[in-house]
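Notes to accompany the following structure.
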Amino acid sequence: MSDDHTHVQEFFSARAAEWDRRFPDDGPVYAAAVAELGLREGDRVLDAGCGTGRALTPLRAAVGPTGVVVGADLTPAMLEAAAGAGRDRDGRLLLADVTALPLRSQSLDAVFGAGLISHLPEPADNLRELARVVRPGGVLALFHPIGRAALAARQGRQITPEDLRAEANLRPLLAGSGWHMTSYTDEAARFLALAVREG
């Protein structure tokens, strides 16, 4: 399920320029997922593995002008596409590895991760790193704009019992990494797991 950093960069670099055109209708489902984070004016939020920054605009709307929005990604071409789409106006773009974030401990209120978990090389350690930068009681959203079955069908594969996004696998993975899962949705139109940072 996980990929090494070189493979991730190669995969997304080759697709960055066309990414938004390939998935033009995802905006509303991103906005709906962001709304479920329960962000408030002035909150500080990270879009981990932000890609072309499709979550940055709804994240900025949620935290307002006094909030902090950071989009971190490992692939320069994705950040260039985000800036080219003007999304750098909604959040600071940061070339960074989300498995070793250059952020202070407990400096954030929330993390949003779209399509992130399948690209984490060491999921338990990497989710622990996300927990490190979030205050106790802060929120994590693991999101995908389509559900597991629809994504597998798009990729021409079957869901396996080892799928990290399966509730039976994800709940204990999060619990062992400093998070408590509070809701889980896996339907055709989206995948969304919400968790609270334990303190």
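Before moving on, here are some points about what is shown:
- Environment charge of ALA188, counting only residues whose C-beta is closer than 13 Å and scoring Lys/Arg +1, Asp/Glu -1: +1
- Taking amide H as placed 1.01 Å from N in the peptide plane, the amide H of VAL139 sits under 5 Å from that of ALA110, VAL111, ARG197, each at least 5 places away or on another chain.
- Averaged over its residues, the chain has an accessible area of 45 Å² per residue, based on protein heavy atoms and a 1.4 Å probe.
- Using the alpha-carbon positions of the range 21-130, Rg (one decimal) and Dmax (whole number) come out as 13.0, 36 Å.
- With a Förster radius of 41 Å applied to the beta-carbon distance between ARG22 and GLU198, the computed FRET efficiency rounds to 0.65.
- Accessible area of the range 76-157 belonging to carbon and sulfur atoms, whole % at 1.4 Å probe: 50
- FRET efficiency, GLN106 to TYR184 (Cβ-Cβ, R0 25 Å, nearest 0.05): 0.50
- What you get for the chain, charging only the Cβ of Lys and Arg (+1) and of Asp and Glu (-1), is a dipole of about 340 debye around the Cα centre.
- Applying the Karplus relation 6.51 cos²θ - 1.76 cosθ + 1.60 with θ = phi - 60° to the range 29-42 yields 3J(HN,Hα) values of 6, 4, 4, 5, 5, 4, 4, 6, 5, x, 5, 10, 3, x Hz, where x marks Gly and Pro.
- Per-residue HN-Hα couplings for the range 74-91 [Karplus 6.51, -1.76, 1.60; θ = phi - 60°; Hz; x = Gly/Pro]: 7, 10, x, 5, 5, 5, 5, 5, 4, 5, x, 8, x, 6, 5, 6, 8, x
- DSSP bridge pairs, the chain: antiparallel proportion in percent, nearest 5: 45
The values are calculated or read from the model by the stated rules, or taken from the named source; none is laboratory data. Bear in mind the structure is a predicted one, so any value in this text is a computation, not a measurement. Note that each Cβ is placed from the backbone with ideal geometry, even for glycine, and that neighbours are counted across all protein chains shown. Please note that ligands, DNA and RNA were not included when accessible areas were found on the heavy atoms of the full protein model with its side chains. Shrake-Rupley method; radii C 1.70, N 1.55, O 1.52, S 1.80 Å.
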